[in-house]
Structure formats: C-alpha cells, structure tokens
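Okay, handing you the structure first.
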Amino acid sequence: MPQRRVLESVPTGQSGQSGQPGPVRPETGAELLRRVAQEQSAGRIPALTAGVMRDGMLAWSGGRGRVGGSRPDADTQSRIGSISKTFTAVLVARLRDEGRLDFADPLDRHVPGTPFGDRTLAQLLAHVSGLQAETNGPWWERTPGAEWPGLAETLDGGTARHRAGRRYHYSNLGFGVLGEVVARHRGCSWWEALRTEVLEPLELRRTTYSPQQPHASGFAVHPWADVVLPEPDHDAGAMAPAGQLWSTVADLARWAAFVAGDTGGVLSPDTLAEMREPHAVEQAPTWTAGYGLGWQVLRVGERTLVGHGGSMPGFLAGLYVDVDQNLGGVCLANTTSGLRPLGLVADLIDVVETREPRMAPEWTPVPELPEGTLDLVGPWYWGPMASALRAGRDGMLDLRPLGEGGRASRFRPNADGTWTGLDGYYAGETLRVGRGPDGRVTHLDIATFVYSRQPYDLGAPIPGGVHPAGWTGSGPNGGTDGE
C-alpha cells in the first residue's frame, strides 16, 4: 500500500518554507482564503471549499459558507461531476497497459452492437468520436439513469453527429460507453473496478459513488433573490462513469498529485504523460483549450494546466495542475451556477507561485553515468546546424539546438544500446550510435538524420555524400551560385 502523502487538512496560517513541501506561509494562506471568500460572496455559493496541492502535499485548504450549520473543510464531500471522467480514463489506460486493449481499437472489438462501433477508444477518450453530447430521452443528470441494456436500447443511427476525428465535440455519452468497456473486461461494475484498482491503492477513502456524511447538499440559487432551491440527486446508472462521483478537497489534492506524476503504482508514468498530451483542441482563433485522453489541457496565460472541471445539478467543481511546477488546486461548490472553477484554481496557483516561488534545486554531481555516455555528449551537427547533446540526471539524453532552428528531443536508453525519443520531432523515433572500426563514436543516426561531430563530416555516412570540394569560399566553378 503506497504511503498517503496528502495531508487530511492544513489549517490556514500554519507556516512553511518557500520552495519546500509542506504548508504555505500564514500570509499566503490569508490571501488564498481571501480569494475563496471573494468567490463565495460574489457567486452567492452556499458552501465553497478549495485547496492547493504543492509537491504532492495538500499545502493549504479553506472553506466559506455553511454545510449543516458548520464551515465546510477539506473532508466535506461534494459531487465532482465530470472529474469522474478522469478516473474512468485511468481505468481504460490500465487495461491498455495490461495488453487487454489498444487505444486504437474500434469500440466493436470490446462492446459490439452499437451503431458507432467503428469509433476508436482513443476517439471516445479525447471527445473526437463525433458522438452526441448527451443521451437520448430526459436529461440524464436530473433523472434516474438506466443500466447499460437500457442505455444501449436508446442508441440509434443519429447518435453519431460528426465524422470520427473531424472535430472536438464533448460527449458525456462516450464516457458512459467507456465505463461499459471497463465493466466487460473486469467482469464487475465500473464502480467496483474503480474502487479496487484506483481508490483503495491511493487511499482515496472519501471518494465514493454515493454521498457519505459530512457532505454538502446541492442547491440552485435564485438569479434575482437570495434564496435557494434543492436540486435532485439521482443515480446516473450506466452514465455514472461520466459524472457520478463524490469527493473531498483532501482526496482531490491526492488526485492532483497523481496528475502531476505521483501515480502510486496505479498507472505507468509514461502512460499518464501520454494521456496528458492534447489530442484535440477546441475550435478558436487562438488555442486555449484542448483535450487529452480523459484530461482537459488548458492554456491560462503562460501556464498549461491539466485537469478537469465538473458540474451536476447543484454542484460545480474543478481540479487543475501545473505539472511542470508540481502545483495545482481544487475547488468544490454546492451550487448549479456562480462558480468559475478554472478561474478560481488558476488564481490560487498564481497566489502561491507569486508569494512563494519555487527554490531552485540544489545541484550535486551524479554518482556515475552509464558507461559510454560521455562519448555521446557535446556538440553535434546535422548538416551546418549545431545542436548539443547533454546527459540528464535521470539517465536520459537531451538534444537541444544551438541558435535558431534545429530539433529538440529527449531520449531514453534501451537495453540494445539504442535510444528512443520521448518528445518533439523525434518522439518515438530511434537514435542509433554509429562507431568506427576502433569503437569510437563517429555519428548519430536519428530516424535517418545523421548527426556528425563536424558539419558534413567526411568520416560520417552523410546521406547523399559530401561534395569532394569540401568547404570553400566559392562554388566548384569559382562562383558562389555554381556558375
């Protein structure tokens, strides 16, 4: 069982060191609470809780309003709506990593008989399957949900509204279908699979299918008067994978740490990184919102946030993480409208980063490098374009251009002496080390692009060869243009 690293609650005002794991400083906590109070008052929210995750820990939490006459805190449950989709996506990804399915599989291979069986699992996860947004019949969020056979009966030829892959079109229905994929492979309900495979290993004890005390009740606030109306709370049935779950700030802070890479053995970090990549973007003049495999990927100013928003009648929620900074935030509110989850969380992140900027990590030499690594580092040339290859502390190689142009990628070592690109132009491509008869490194071959120690090195197998005239101040006929 992995150690539970997220604090259950952190009192506002408890001190901490800038750039170190632990609670925020008192003045930072006061500013965070001020921002939450502003949102609760302006949005007329019955109860609002929020928290900040930093370096895998719940560094701050606070609440405003009342739940049952008491101030809500990091242990107060609220419904999280579509944040549930991120849990469903992780279950599908686990099946992929086990070899039970592939993201490129058509749905028919796992749930045969639907009128959109040619759509792939990746397309469903990234909302580019073209499926309609909601189910047929009454609005599923406000009415009791049917189980899968009942939902399947409502699917018809009109369910697919767009050509697969054509555009981003958010589909709650698609995640109901993905829940059925999980259930069929696991031989149990989506909820039972989630509880045993994700929630229990990560010790998310307050993330549940139905509410458990203490929990907030959902309300609508009258638009023109300060009165509230209770909202219905129904079991979503087969649509539960799209929005059923209840959770707390403390549990979601742990889930935010998961998003940042602390997967606790539940999921491969490589798979999580793949899921966080934007696979689709919303149509807009400037890209600000995209979607990975179950995760929203958002641009807020100069920051990229990964997470998800959530809404159900009477509830709004948000969880967003700056993965590079290992800094994120969550918020939960029991209101149908009035909260801007992304705006609030982004502000909370900015408060912490501005007031307590991350301290640069202390440099120390690595104990040793893998054999032969020093033969690879230093300047390399692809034609006349210079790049530098550096050895990372994590055992990887980092290729970066020197000056304008060039291609950047990181490479992971393989057992056979090759390296695999992780990002950039060379993502997934192979770096092979070329050696001469004496064993010395002569060149690098990256996806057929040959990098040599000198520009167009005569000793390297440059594709197309090197002109015998070599480097001169004029063309072969005395002119710079070959005349």
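Here are ALA236, ALA216, ALA160, ALA225: which of them is at pLDDT 95 or above, surrounded by 15 or more Cβ atoms within 10 Å (Cβ to Cβ) and among the hydrophobic types (A, V, I, L, M, F, W, C)?
ALA216
Of the residues GLY137, GLY176, GLY117, GLY130, only one is farther than 30 Å from THR263 by Cβ and buried (at least 20 other Cβ atoms within 10 Å of the Cβ); which? Break it down into steps so the answer makes sense when it comes.
Values: GLY137 fails: buried (at least 20 other Cβ atoms within 10 Å of the Cβ); GLY176 fails: farther than 30 Å from THR263 by Cβ; GLY117 fails: buried (at least 20 other Cβ atoms within 10 Å of the Cβ).
Exactly one residue qualifies, and that residue is GLY130.
Which of the residues belonging to the stretch 102-134 are under 21 Å from the mean Cα position of the chain (by Cα) and part of a loop (DSSP other than H, G, I, E, B)?
Hits for the stretch 102-134 are ASP102, PHE103, ALA104, ALA126, HIS127, VAL128, SER129.
Return the pair list, or none, for Cβ contacts closer than 6 Å from residues in the stretch 59-81 that are at pLDDT 95 or above to residues that are basic (Lys, Arg) and in a loop (DSSP other than H, G, I, E, B), at least 6 apart or on different chains.
GLY63/ARG71
Among the residues of the stretch 38-56, is any buried (at least 21 other Cβ atoms within 10 Å of the Cβ), in a helix (DSSP H, G or I) and among the acidic types (Asp, Glu)?
Yes.
Restricting attention to the stretch 75-85, does a residue exist that is among the β-branched types (Val, Ile, Thr), in contact with a Pro (Cβ under 9 Å, 6 or more places away or on another chain), assigned by TED's automatic domain parsing to the domain that holds TRP246 and in a strand (DSSP E or B)?
No: the stretch 75-85 contains no residue that is among the β-branched types (Val, Ile, Thr), in contact with a Pro (Cβ under 9 Å, 6 or more places away or on another chain), assigned by TED's automatic domain parsing to the domain that holds TRP246 and in a strand (DSSP E or B).
What's the total number of residues in the stretch 170-189 that are closer than 13 Å to LEU151 by Cα and either basic (Lys, Arg) or in contact with a Cys (Cβ under 6 Å, 6 or more places away or on another chain) (or both)?
The number of residues fulfilling the criteria is 0.
Counting only residues that are out of contact with any Lys or Arg (no Cβ under 6 Å at 6 or more places or on another chain), among the acidic types (Asp, Glu) and touching a residue at least 60 places away in the same chain (Cβ under 8 Å), how many does the stretch 342-399 have?
Counting residues in the stretch 342-399 that are out of contact with any Lys or Arg (no Cβ under 6 Å at 6 or more places or on another chain), among the acidic types (Asp, Glu) and touching a residue at least 60 places away in the same chain (Cβ under 8 Å) gives 2.
VAL450 fails exactly one of the following numbered conditions: (1) over 17 Å from GLU371 (Cα atoms); (2) free of Cβ contacts under 8 Å to residues at least 24 places away in the same chain; (3) surrounded by 14 or more Cβ atoms within 10 Å (Cβ to Cβ). What is the number of that condition?
(2)
Might you let me know whether the stretch 195-210 holds any residue that is outside any helix (DSSP H, G or I), of a type in the set (Ser, Thr, Tyr) and more than 28 Å from ARG44 (Cβ to Cβ)?
Yes; the residues of the stretch 195-210 include at least one that is outside any helix (DSSP H, G or I), of a type in the set (Ser, Thr, Tyr) and more than 28 Å from ARG44 (Cβ to Cβ).
Hey, another quick one. Within the stretch 57-73, which residues are under 23 Å from the mean Cα position of the chain (by Cα) and buried (at least 24 other Cβ atoms within 10 Å of the Cβ)? First the steps, then the outcome.
Restricting attention to the stretch 57-73, the residues satisfying the condition of being under 23 Å from the mean Cα position of the chain (by Cα) are 57-61.
Of everything in the stretch 57-73, those that are under 23 Å from the mean Cα position of the chain (by Cα) and buried (at least 24 other Cβ atoms within 10 Å of the Cβ) turn out to be LEU58, ALA59, TRP60, SER61.
Yes/no matrix, rows are residues, columns are (1) more than 30 Å from the chain's Cα centre (by Cα); (2) farther than 18 Å from THR442 by Cβ:
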{"residue": "TRP380", "(1), (2)": "yes, no"}
{"residue": "ALA386", "(1), (2)": "yes, no"}
{"residue": "ARG390", "(1), (2)": "no, yes"}
{"residue": "ARG400", "(1), (2)": "no, yes"}
{"residue": "GLY406", "(1), (2)": "no, yes"}
{"residue": "ARG412", "(1), (2)": "no, yes"}
{"residue": "ASP416", "(1), (2)": "yes, yes"}
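Residues that are in contact with a strand residue (DSSP E or B) (Cβ under 7 Å, 6 or more places away or on another chain) and loosely packed, with under 13 Cβ neighbours inside 10 Å: does the stretch 393-400 have at least one?
Within the stretch 393-400, one or more residues are in contact with a strand residue (DSSP E or B) (Cβ under 7 Å, 6 or more places away or on another chain) and loosely packed, with under 13 Cβ neighbours inside 10 Å.
Among (1) charged (D, E, K, R); (2) touching a helix residue (DSSP H, G or I) at 6+ places or on another chain (Cβ under 6 Å); (3) closer than 20 Å to PHE315 by Cβ, there is one condition ARG100 misses while meeting the rest; what is its number?
(3)
Still on this structure: Scanning for something free of Cβ contacts under 8 Å to residues at least 12 places away in the same chain and over 20 Å from THR88 (Cα atoms), does the stretch 261-277 turn up at least one residue?
No, that holds for no residue.
For the stretch 429-447, enumerate the residues that are over 18 Å from LEU389 (Cβ atoms) and surrounded by 10 or more Cβ atoms within 10 Å (Cβ to Cβ).
GLY436
Oh, and also: Taking the condition under 21 Å from ALA30 (Cα atoms) and either basic (Lys, Arg) or part of a loop (DSSP other than H, G, I, E, B) (or both), does PRO370 pass? Spell out how you get there, then give the answer.
Working: under 21 Å from ALA30 (Cα atoms): no; either basic (Lys, Arg) or part of a loop (DSSP other than H, G, I, E, B) (or both): yes.
The answer is no for PRO370.
So if I check each of GLU153, GLU141, which one is touching a helix residue (DSSP H, G or I) at 6+ places or on another chain (Cβ under 8 Å) and modelled with pLDDT under 95?
So the residue among GLU153, GLU141 that is touching a helix residue (DSSP H, G or I) at 6+ places or on another chain (Cβ under 8 Å) and modelled with pLDDT under 95 is GLU141.
Taking only pairs six or more apart or across chains, which ones have beta-carbon atoms under 6 Å, a first residue in the stretch 24-45 that is at pLDDT 95 or above, and a second residue that is assigned to a helix (DSSP H, G or I)?
Every condition considered, the pairs that remain are THR28/ARG355; GLU31/VAL351; LEU32/LEU348; LEU32/VAL351; ARG35/ASP347; GLU39/LEU344.
The values are calculated or read from the model by the stated rules, or taken from the named source; none is laboratory data. Small disclaimer: the values here were computed from a predicted structure and weren't measured. Positions of Cβ are generated from backbone atoms using ideal geometry, with glycine treated the same way; all protein chains shown enter the neighbour counts.
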